[in-house]
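The values are calculated or read from the model by the stated rules, or taken from the named source; none is laboratory data. Quantities reported herein were computed from a predicted structural model and do not represent experimental measurements. Don't worry about glycine lacking a Cβ; one is built from the backbone with ideal geometry, like all the others, and counts go over all protein chains shown. When the accessible area is computed, the model is the full protein with side chains, heavy atoms only, and any ligands, DNA or RNA have been set aside. Shrake-Rupley method; radii C 1.70, N 1.55, O 1.52, S 1.80 Å.
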Amino acid sequence: TLWGSSEPRPPAAGPGQPSPQQRTETLGFYESDRGRKKKRSLSDLSLLRFISAELTRGYFLEHNEAKYTERRERVYTCMRIPKELEKLMFFGIFLCLDAFLYVFTLLPLRVFLAMFRFITLPCYGLRDRRLLQPAQVCDMLKGVILVICYFMMHYVDYSMMYHLIRGQSVIKLYIIYNMLEVADRLISSFGQDILDALYWTATEPKERKRAHIGVIPHFFMAVLYVFLHAILIMVQATTLNVAFNSHNKSLLTIMMSNNFVEIKGSVFKKFEKNNLFQMSNSDIKERFTNYVLLLIVCLRNMEQFSWNPDHFWVLFPDVCMVVASEIAVDIVKHAFITKFNDITADVYSEYRASLAFDLVSSRQKNAYTDYSDSVSRRMGFIPLPLAVLLIRVVTSSIKVQGVLAYVCVVLFYCGLISLKVLNSIVLLGKSCQYVKEAKMEEKLFNPVMTATPGKPAGKQQGTFKSTQGNSTDENGSTSVTNQPVHQKENMPSLLITSNSDQFLTTPDGEEKDISQDSSELKHRSAKKDLLEIDRFTICGNRID
């Protein structure tokens, strides 16, 4: 500090450093330049420049190529859904038609052959412990149930039921129709269990003769079920008939709108491949049942108008409207379900191959069930109650009088048999084609043995090996009707290399590495295989 001054002296500038005066000048220059730039940027923010920037602003979609490619594939999937879904529906409806025609055509002939064998059995002697084969016993039971329920349906007055339902209000009929649909699904699920219990009780090996008495209560339960289910379907057909004959068609419109309510209840739920498979089977059964109900409604209306062909063209627009609404609802429902759950349209070809596998496997010599029963378990379609109702309506609507009328009935029956045989041949050929395309031939000849409830898997595999070991003849050749021998250690490798197991699974989110432990792979494949989904009962979207 200077002598007599309290202010410190500024430090002297070192060699190569700017002086304090130079620093002050440089700082002032920078501040003035920053102010000029700020003024310039504020002057650039004008309305015209903003509008120009919005009009000329650009972006590049290829920077997010994966996202937009996925969106495009979703659009393509939605466009493919109607075609793939209708292919599955078309194939499934003809499967239901084949099982339905079986009741009218081949079942009476099989019952006649079983009765002939039973009557002529003493002439040939008791060479076998069984009086009848298991399939013949089941055919006899079906025929007896069909005849008994047909005569019981004569005590139900269709005309009284029609006028009773017609006297109700529109909103009450709408509620009744919804309740009938729910009741039909529930009773179908329980009804197939009743029929299966009857068939197994009647055909299982019995040690004592008193054990045969257990068939009687099962038989009465089956008769009661078929009769009640036939009445339920009759009420549905009557309600639909009232809707067709209403003056303002308000009830028919409300019943058609009920189909669109189904979209709300199913589209926004989480679906996997197995759940979608169950819903597709339920839609096939529902559509075929609606076709039969429309046939019954047309028969009843044509009878009331003395079979005037002009009245048919009055009913035809309403019939087309009901069918078109059903198809539209199914397409929209499946399109959005596959979109929201990231399911490809190719899954419907897998479902079709699974249904075809049921048909092909039921034609084998070692099949464990009849094809019509397989369709019933898979789709929930039970043909016996519907057949009872259709026979009742046809016999009451069409009067057969004279020799010529009986000749026409015989010719019509021969035509039904020809249609059944032709339909079966075409379906079998298409099923073999679908199975080959899906590469599922190995499952036909190399089935994976699964453990039944109450028995460990090890014992079953040992039994399987022992029976297969005895299936060869003296020359060492294997019988065609028996399954080939599989070693226990080869089963995991079979599951891994089988192409059919790769697509008969749930979505990719649940897929795991195939190199995991073989025991985990067995349990996982048993749960995911579409061929093992709900073999014995089905109710809506339920998954066991």
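How many angstrom lie between the C-alpha centres of segment 63-117 and segment 373-412?
Taking the Cα centre of segment 373-412 as reference, the centre of segment 63-117 is 24 Å away.
What accessible area, in Å² to the nearest ten, does a 1.4 Å probe give for L113?
110
Given q = 0.16, 0.23, 0.24 Å⁻¹, what are the Debye log10 I(q)/I(0) values for segment 127-212, with equal point scatterers placed on the Cα positions and solvent ignored?
Per q value, in the given order, log10 I(q)/I(0) is -0.87, -1.19, -1.22.
Got a sec? What order do S424, S257 fall in by accessible area at 1.4 Å, biggest, i.e. largest, first? All intermediate terms of the calculation are to be shown ahead of the outcome.
On the way: S424 15, S257 50 Å².
The most accessible residue leads, giving S257, S424.
Which FRET efficiency value, to the nearest 0.05, is calculated for S418 and E73 with the Förster distance at 45 angstrom and r the Cβ-Cβ distance? Could you put the intermediate results ahead of the total?
Numbers: r = 46 Å, r/R0 = 1.01.
The pair S418/E73 has a calculated efficiency of 0.50.
Could you please put K339, K333 in sequence from largest to smallest accessible area, using a 1.4 Å probe? It would help to have the intermediate numbers written out before the result.
On the way: K339 75, K333 0 Å².
Per-residue accessible area, sorted high to low, gives K339, K333.
What does the charge dipole of segment 340-414 about its Cα centre add up to, to the nearest 20 debye, if the Cβ of each Lys and Arg holds +1 and the Cβ of each Asp and Glu holds -1?
440
Using a 1.4 Å probe on the protein heavy atoms only, what accessible surface does F151 show? Give it in Å² to the nearest 10.
Its accessible surface works out to 120 Å², give or take rounding.
For a quick check of understanding: with a 1.4 angstrom probe and all protein chains in place, what accessible area in square angstrom does I417 have, to the nearest ten?
Accessible area of I417: about 40 Å².
In square angstrom, what is the accessible area per residue of segment 151-309 with a 1.4 angstrom probe?
Values: 7990 Å² over 159 residues.
Per residue, segment 151-309 has an accessible area of 50 Å².
With each label point set 7 Å from Cα along the Cα-Cβ vector, what nm distance links H212 and R49?
Reported label-point gap for H212 and R49 is 10.4 nm.
FRET efficiency for W313 and F60, Cβ-Cβ distance as r, R0 = 51 Å, nearest 0.05? Show your work: numbers first, answer last.
Values: r = 60 Å, r/R0 = 1.18.
For W313 and F60, the calculated efficiency is 0.25.
Once neighbouring chains are kept in place and the probe is 1.4 Å, which whole percent of the accessible area of segment 78-165 is contributed by carbon and sulfur? Can you show the working numbers first?
Working: 3730 of 5130 Å².
Roughly 73 percent of what the probe reaches on segment 78-165 is carbon or sulfur.
Once each part is reduced to its C-alpha centroid, what is the distance from segment 238-292 to segment 161-188 in angstrom?
14
Across all directions of projection, what mean area in square nanometres is found for the Cα convex hull of segment 46-143?
On the way: hull surface 55.9 nm².
Averaged projected hull area, Cα only: 14.0 nm².
Over segment 366-436, what percent of the accessible surface lies on carbon and sulfur atoms, probe 1.4 Å? Don't skip to the end; give the middle numbers.
Details: 2640 of 3530 Å².
Summing carbon and sulfur atoms, their accessible area is 75 percent of the total for segment 366-436.
Rank K443, K270, K67 by accessible area, highest first, at a 1.4 Å probe radius?
Working: K443 35, K270 165, K67 85 Å².
Listed by decreasing accessible area, they come as K270, K67, K443.
Among L386, L359, G402, whose Cα sits farthest toward the positive end of the charge dipole of segment 322-444 (+1 at Cβ of Lys/Arg, -1 at Cβ of Asp/Glu, about the Cα centre)?
G402
Measuring from a point 7 Å past the Cα of E441 along Cα-to-C-beta, which residues in segment 332-374 have an amide N at less than 16 Å?
Backbone N within reach: 357, 360-361.
At V409 and V170, where each label point lies 7 Å from the Cα along Cα→Cβ, what is the point-to-point distance in nanometres?
It works out to 4.3 nm between the two label points.
How about segment 378-451: which GluC sites (Glu not before Pro) there lie in a loop by DSSP and see at most 15 other Cβ atoms within 10 Å? Write down the numbers at each step before the final one.
Working: sites: E437, E441, E442; in loops: none.
Answer in residue order: no site qualifies.
For E86 and Q433, calculate 0.36 nm times their separation in residues minus their Cα-Cα distance, and state this gained length in nm to one decimal.
Working: separation 347, 0.36 × 347 = 124.92 nm, distance 1.80 nm.
Length gained, E86 through Q433: 123.1 nm.
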